[in-house]
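A.B. asks: Below: one structure in structure tokens.
The values are calculated or read from the model by the stated rules, or taken from the named source; none is laboratory data. Note that this is a predicted model, so its numbers are computed, not measured. Cβ placement follows ideal geometry from the backbone for every residue including glycine, while neighbour counts extend to all protein chains displayed.
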Amino acid sequence: MIDLLSLATAVDPEGLLPARQQMALSLGWHIILACFGVAFPAMIFVAHWRGIARGDVVALRLAQRWAKVSAVLFAIGAVSGTVLSFEMGLLWPGLMGEFGDVLGLPFALEGLSFFVEAIFLGIYLYGWGRMPPRRHLLMVVPMAVAGVVGTFCVISVNAWMNAPSGFRIVDGQVVDVDPWAAMFNDIVVLQFAHMWVAAYMVVGFTIAGVYAVGMLRGRRDRHHRLGFAIPFVFASIAAVAQPVIGHLLGGDLSDRQPAKLAAFELATTTEAPAPLRIGGVLVDGEVYGAIEIPRLGSIIARNSLTAPVPGLDTIPPENHPPVNITHWAFQTMVGIGTLLALAVVLYWIVRWRGHDLRDRRWFLRFAAAAGPLAVLAMEAGWIATEVGRQPWIVYGVMRTSEAAGSNSGLWWLLGTTAVIYTAMTAAAVTVLRSMARRWREGQQELPSPYAPQEPNRHYDPPSGSESS
Amino acid sequence: MTLAVAVAGAMFIGLVAYAILGGADFGSGFYDLTAGSTSRGAELRTQVDHSIGPVWEANHVWLIYVLVTWWTAFPEAFAAAMSTLIVPLLFALLGIVLRGAGFAFRKYSATIGQARLYGAIFAGSSLIAPFFLGAAAGAVASGRVPADGDGNVWTSWITITSLSVGAVAVASCAFLAGTFLTADAVRASREQLAEQLRRRTIGVGLLTGALVLGALASIAQDAPTLAEGLTGRAAPLIGTSIIGGFLSLILLWCRRSGAARFGALLAVGSVIVGWGIAQYPWLLVDEVTIAEAAGAPATLQSLLVVAALAGIIVLPALAYLFRLTQTDAWTHH
Ligand code: HDD
Ligand code: HEM
Ligand code: HEM
């Protein structure tokens, strides 16, 4: 926080600090729901497919309930995404005015994918019992594909901010704009892969966690075991892949954004070989309280036993990012990522040797916590990326202070947004919990409470004894 | 036709689609809000759920399409409009957020108390969003957004013209929604509901007509460039719109609700197209033309590719969605 504040000096435009906080709040919120838009359709597809192909009523019921849950989540995902579309212009007129035509293409393609996603979402959600089952199932496919394409497009904008390409600056003017080159910049593929996999971790662990809690409370029927298993398989694969992708993504940081790497590694001076510093804070240029593991820094950051990790001393002070936030955010992500990867490996090894940890309470407790941990890792990863890029909005090209507007009224916006998002979170949690409760009580259809009392003919797989 | 004009045209098609399709979704909030007590309004509110539930998210994406095309193709004009019109746009955004969230929450709320709260939020914010979007459009059309974006954040849009365009936007949304809801209710053989909706839609239609006259009077005074276009080049479209409006009222009167929808579409659609033609070639009226605002040519080309892709991928899918929602299996549940 002190770091953040000290960045905003008196000469910065009035809109800068509130705009940053606003961006962080609204993106940090949207990204969680976006994960559901990316990863949930695939899990729904598996459950639904199993239900149809094998006549598995438990799986079919899971798919139907997940679809209802996604209806709520996707709606607030869509509106919070709209907030972002406005904000890009409202908060960063300097960026959009100058570079709108460089970075706009992926956004336009993103709009296209959201179209497809929203259309097939509408068909799928309202198609239960109103379409031939197989065709209905197929409607998930375009939805899932569009979610992934959309993510690629948005991420490419962020990747471009980290590794700008597709234009030249001549005498202060942006020339030779090539929007395709900007979209397919150097790191887009890896950054997308990392985010995509993160979405599977977030959703997979969160949904599995819901059923883990159910099992902890003694509901150990097949409904719960399957409801745990499907998302957990997705999450497991993702959790193992994620450290590998993350490592590759960080691989070229020493060339691409040395200041960010120095902040990640808490490196005040260039050292070769560099140690890995766990924890610690930087105060007045001195590192306190870090645990140093010799050589590991070089190994992790440079894939080498001896290569140097550039230190902050190689970078002019006015180009330093807020070091402590970046360092801690990065280590939080990596720490959680390592923990989750080890945990799933452990689960599957034990499983392979014939034991099911789903019968152990400690494991279920851990599984319940894994969802929030994955969310934390993802948020931390974004904070590391975004704060570590400072003071640049477009790395090496445009400073964040040049992109901001001069509207001091933005503090009002920030306050209002905080209130509304808090209320929306509370409302979403209340609604989802009440849905789960009614399902447990044996209701299937969840008719709206204000509906006229008339018999409802609906597609309803036979309900089991108990559920959630 | 230049590249820039082609892209502006593609963007404008999106705007018309949003005004009509998104507008009809917003407009249903009006009937929901005024449907009366829980038991009296039950049938109508359920009809609203059925009618806009499957389509509102898709209809909403037109707005995203317009925004991203605008900032990509005409970045500086976009930044200028956003800076000057920040207040109405934020209010519109607030309406959009609360509308979507309220609608989704209401459908799955457990108790009638919660459903009432979310329902009120959904319905109320459905009126806020079109009002402020209309007001922002009115400010652009009356030449109040300076090219460098330093227009006053209040006086630029608190004008008779802007406010009356906002009011017209709300009324036309409600009129469109009324014709659609009436037709849906007829198709679902809910006679009583259809009759109630029909009467109220006729009322809304008459009010809309009056508001349009008022707005035109204010535009004639206050926005000479636009007024010149509206009475000149765009006059046939304004005529078409008036005819469409009357036609749909007459059809509603004769209980031909299916056909009345097309009259309403004609009325609203041609006013908006007329506005576009009237303000051509200005993007920000009296300040920046489309040609002046255009970004890099390579980007404009790629945007046309995206627009073409949208035509190939999105339109058939959208047509499929709309067709499904009109089938018997989807109506009678
Ligand atoms: C569940 C989430 C999650 C997990 C477990 C991890 N990450 Fe991550 N990481 C993200 C979620 C994430 C992210 C939020 O998705 C970021 C932010 C921007 C991006 O594209 O991905 C990110 C960014 C990010 C960056 C910054 C790239 C840049 O700024 O250019 C690096 C170097 C890593 N990650 C490396 C790792 C490593 C070595 C991990 C090993 C355990 C790891 N991440 C686990
Ligand atoms: C890391 C970043 C992001 C990811 C992975 C992401 C992904 C997604 C996904 C998957 C959806 C569909 C959500 C659903 O239907 O539930 C969505 C919605 C949306 N996102 Fe994001 N997004 C990101 C950031 C952004 C940004 C930066 C913007 C705008 C500037 C944005 C704008 C939107 C919009 C407008 C929608 C709503 C589209 C609709 O109406 O369906 N997103 N996002
Ligand atoms: C593709 C998606 C994203 C885009 C296009 C994007 C874009 C931006 C922009 C334009 C800014 C303001 C300028 C700046 O401070 O550099 C910013 C800042 C920020 N964003 Fe992102 N962002 C994305 C994803 C995210 C996500 C998912 C988070 C989640 C936490 C996030 C967190 C932040 C934070 C914390 C800042 C403030 C950094 C600071 O000022 O210190 N971003 N982002």
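A.B. asks: Residue by residue through the stretch A:169-181, note down the ones that are more than 9 Å from every other protein chain (Cβ to nearest Cβ) and either within 15 Å of ligand 3 (Cβ to nearest atom) or under 23 Å from B:Leu304 (Cα atoms) (or both).
C.D. replies: Matches in the stretch A:169-181: A:Ala181 only.
A.B. asks: On the basis of being among the acidic types (Asp, Glu) and over 27 Å from A:Phe36 (Cβ atoms), does A:Glu379 make the cut?
C.D. replies: It is false that A:Glu379 is among the acidic types (Asp, Glu) and over 27 Å from A:Phe36 (Cβ atoms).
A.B. asks: Out of the residues in the stretch B:69-87 that are buried (at least 24 other Cβ atoms within 10 Å of the Cβ) and β-branched (Val, Ile, Thr), which is farthest from the other protein chains (Cβ to nearest Cβ)?
C.D. replies: Result: B:Thr84.
A.B. asks: Quick test of your reading of the structure: B:Leu90 fulfils all but one of (1) out of contact with any helix residue (DSSP H, G or I) (no Cβ under 6 Å at 6 or more places or on another chain); (2) more than 7 Å from chain A (Cβ to nearest Cβ). Name the failing condition by number.
C.D. replies: Every condition holds for B:Leu90 apart from (2).
A.B. asks: Ok, one more. Only residues in the stretch A:241-267 that are more than 10 Å from A:Val309 (Cα to Cα) and away from ligand 3 (no atom under 16 Å from the Cβ) count as the first member; pair them with residues that are in a helix (DSSP H, G or I) and of a type in the set (S, T, N, Q), Cβ under 7 angstrom, at least 6 apart or cross-chain, and list the lot.
C.D. replies: Matching pairs, first to second residue: A:Pro243/A:Thr338.
A.B. asks: Quick check on B:Ser83: is it among the small types (Gly, Ala, Ser) and more than 29 Å from B:Val153 (Cα to Cα)?
C.D. replies: no
A.B. asks: Can you tell me which condition A:Ser165 does not meet? The list is (1) of a type in the set (S, T, N, Q); (2) over 20 Å from A:Gln390 (Cα atoms); (3) under 26 Å from the mean Cα position of the chain (by Cα); (4) away from ligand 2 (no atom under 15 Å from the Cβ), and all the others hold.
C.D. replies: It fails just one condition, (2).
A.B. asks: While we're looking at this one, here's another question. Looking only at the stretch A:89-108, count how many residues are more than 7 Å from chain B (Cβ to nearest Cβ) and part of a helix (DSSP H, G or I).
C.D. replies: Selection size over the stretch A:89-108: 8.
A.B. asks: Could you identify the single residue in B:Val55, B:Val66, B:Val61 that is facing chain A (nearest Cβ under 7 Å), away from ligand 1 (no atom under 16 Å from the Cβ) and surrounded by fewer than 24 Cβ atoms within 10 Å (Cβ to Cβ)?
C.D. replies: Being facing chain A (nearest Cβ under 7 Å), away from ligand 1 (no atom under 16 Å from the Cβ) and surrounded by fewer than 24 Cβ atoms within 10 Å (Cβ to Cβ) holds for just one of B:Val55, B:Val66, B:Val61, which is B:Val55.
A.B. asks: Something else now. Got a number for residues in the stretch A:223-256 being modelled with pLDDT of 85 or more and not hydrophobic (A, V, I, L, M, F, W, C)?
C.D. replies: 10
A.B. asks: Also, quick follow-up: Name every residue in the stretch B:107-120 that is within 18 Å of A:Gly77 (Cβ to Cβ) and more than 7 Å from every other protein chain (Cβ to nearest Cβ), in order of residue number.
C.D. replies: Scanning the stretch B:107-120 gives a single hit, B:Tyr118.
A.B. asks: Just wondering, is there one or more residues in the stretch B:128-151 that are farther than 18 Å from B:Leu89 by Cβ and modelled with pLDDT of 90 or more?
C.D. replies: Within the stretch B:128-151, not a single residue is farther than 18 Å from B:Leu89 by Cβ and modelled with pLDDT of 90 or more.
A.B. asks: A follow-up question, please. Mind telling me which of the residues A:Phe86, A:Phe120, A:Phe115 ends up being within 8 Å of another protein chain (Cβ to nearest Cβ) and within 30 Å of B:Asp148 (Cα to Cα)?
C.D. replies: Among A:Phe86, A:Phe120, A:Phe115, only A:Phe86 is within 8 Å of another protein chain (Cβ to nearest Cβ) and within 30 Å of B:Asp148 (Cα to Cα).
A.B. asks: Here is a further query. Taking the criterion of being modelled with pLDDT of 85 or more and either within 16 Å of ligand 2 (Cβ to nearest atom) or more than 21 Å from the chain's Cα centre (by Cα) (or both), would at least one residue in the stretch A:83-102 satisfy it?
C.D. replies: Checked against the condition, which is being modelled with pLDDT of 85 or more and either within 16 Å of ligand 2 (Cβ to nearest atom) or more than 21 Å from the chain's Cα centre (by Cα) (or both), the stretch A:83-102 yields at least one hit.
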